[in-house]
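The values are calculated or read from the model by the stated rules, or taken from the named source; none is laboratory data. Quantities reported herein were computed from a predicted structural model and do not represent experimental measurements. Note that each Cβ is placed from the backbone with ideal geometry, even for glycine, and that neighbours are counted across all protein chains shown. Heavy atoms of the whole protein, side chains included, go into the accessibility calculation; ligands, DNA and RNA do not. Shrake-Rupley method; radii C 1.70, N 1.55, O 1.52, S 1.80 Å.
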Amino acid sequence: MSRRRVEAFSDGVLAVVITIMVLNLRPPAGDSLTDLRPLLPKLAVYLLSFVFVAIYWNNHHHMFQVVSRVSGGVLWANAHLLFWLSLTPVAAAWLGPHLGDTAPTAVYGVVLLGSAIAYTILTRSLLAVQPADSPLARAIGRDTKGVLSIVAYVVAIAISPVAAWLSLTIYFAVAAVWLVPDRRMERVLRPRQTHPTR
């Protein structure tokens, strides 16, 4: 299978995930701006979840631009990532009305953690089938930001029974760190893009 088919399938799944998330939002019954106030927690969780999925879409796209080979293992690793991302609407729908409560906060964190681990597995699966000096290998390096994100999610889940609001703050902080698409990939892609195709 070509990398473009993997990208197309992943794009489709992520589009559905985002659509399901927005369908979970219900407009207020009243016609005043004050009627929006009860929706603010749900909107905050929707914003975080949308950014979270968009970050994975951006970085997934960037990563597959520097990939030359795809294997069966990569396909399963990609499906594993999509599994965790597809749980985002359910976790967000539970957390929205229960912002600051322990169980929904922890479960939301488990989905974030599962997605982060799955992305790391996908990266390692791709590295395993690329040449040793591939652009992907040069771009990934030690992946310090990815490792620290996993650690942050583990900490946030662990403290959610005693400090759920702090857990939520960590989730937002990790999303903020990843808002800019992975510049490691862009640095590897730039030399290719500066030369016109002959």
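Shape summary: the stretch 33-144 maps onto an equivalent ellipsoid whose semi-axes, from the alpha-carbon gyration tensor, are 34, 14, 11 Å in decreasing order.
Kirkwood hydrodynamic radius for the chain: how many Å is it when counted over pairs of different Cα atoms?
Working: mean 1/r = 0.0556 Å⁻¹.
One decimal place: 18.0 Å for the Kirkwood radius.
With a simple spin-label model that places each label point 7 Å from the Cα along the Cα-to-Cβ direction, the separation between residue 31 and residue 180 comes to 4.7 nm. Could you tell me which of rounded, prolate or oblate describes the stretch 104-146, using a ≥ b ≥ c as the square roots of the eigenvalues of the alpha-carbon gyration tensor, with rounded for a/c under 1.5 and, failing that, prolate when a/b is larger than b/c and oblate otherwise? Prolate.
Per residue, the stretch 1-98 exposes 54 Å² of solvent-accessible protein surface, assessed with a 1.4 angstrom probe and all protein chains in place.
Using a cutoff of 8 angstrom between alpha carbon atoms and counting only pairs six or more residues apart, the relative contact order for the stretch 39-125 works out to 41 percent.
Computed about the Cα centre, the dipole magnitude for the chain is approximately 840 debye when only Lys and Arg (+1) and Asp and Glu (-1) carry charge, each at its Cβ. What the Kirkwood sum gives for the stretch 96-184 is a hydrodynamic radius of 14.2 Å, with every pair of different alpha carbons counted.
For the stretch 57-71, backbone phi angles converted through the Karplus equation (6.51, -1.76, 1.60; θ = phi - 60°) give residue-by-residue couplings of 4, 4, 6, 4, 4, 4, 5, 6, 6, 10, 9, 10, 10, 10, 10 Hz, Gly and Pro being listed as x. Net length available on complete extension from residue 173 to residue 61 is 38.1 nm, with 0.36 nm assigned per residue and the Cα-Cα distance removed. Each part gets one Cα centre, and for the stretch 55-127 versus the stretch 21-36 those centres are 28 Å apart.
Other residues whose C-beta falls under 9 angstrom from the C-beta of residue 28 contribute a net charge of 0, scoring Lys and Arg +1 and Asp and Glu -1. Residues within the reach of a label modelled at residue 163 (point 7 angstrom out along Cα to beta-carbon, backbone nitrogen below 16 Å), restricted to the stretch 94-134, are 100-102, 106. Taken along the Cα-to-beta-carbon direction at a fixed 7 Å, the label points for residue 75 and residue 154 span 3.3 nm.
Relative contact order for the stretch 1-151: 30 percent, from Cα pairs under 8 Å spaced at least 6 residues apart, divided by residue count. With the Cα gyration tensor of the stretch 1-62 giving a ≥ b ≥ c as the square roots of its eigenvalues, does the rule (a/c under 1.5 for rounded; else a/b larger than b/c for prolate; else oblate) give rounded, prolate or oblate? Here the stretch 1-62 falls in the prolate category.
Ranked highest first by average number of other Cβ atoms within 10 Å, how do 78-85, 20-27 line up? It would help to have the intermediate numbers written out before the result.
Details: 78-85: 19.9, 20-27: 12.9.
Highest-to-lowest ranking by the protection proxy: 78-85, 20-27.
Counting 0.36 nm for each residue step from residue 44 to residue 144 and taking away their Cα separation leaves a gain of 33.2 nm. A prolate overall shape is assigned to the stretch 67-126, the ratio a/c of its alpha-carbon gyration tensor axes (a ≥ b ≥ c) being 1.5 or greater and a/b exceeding b/c.
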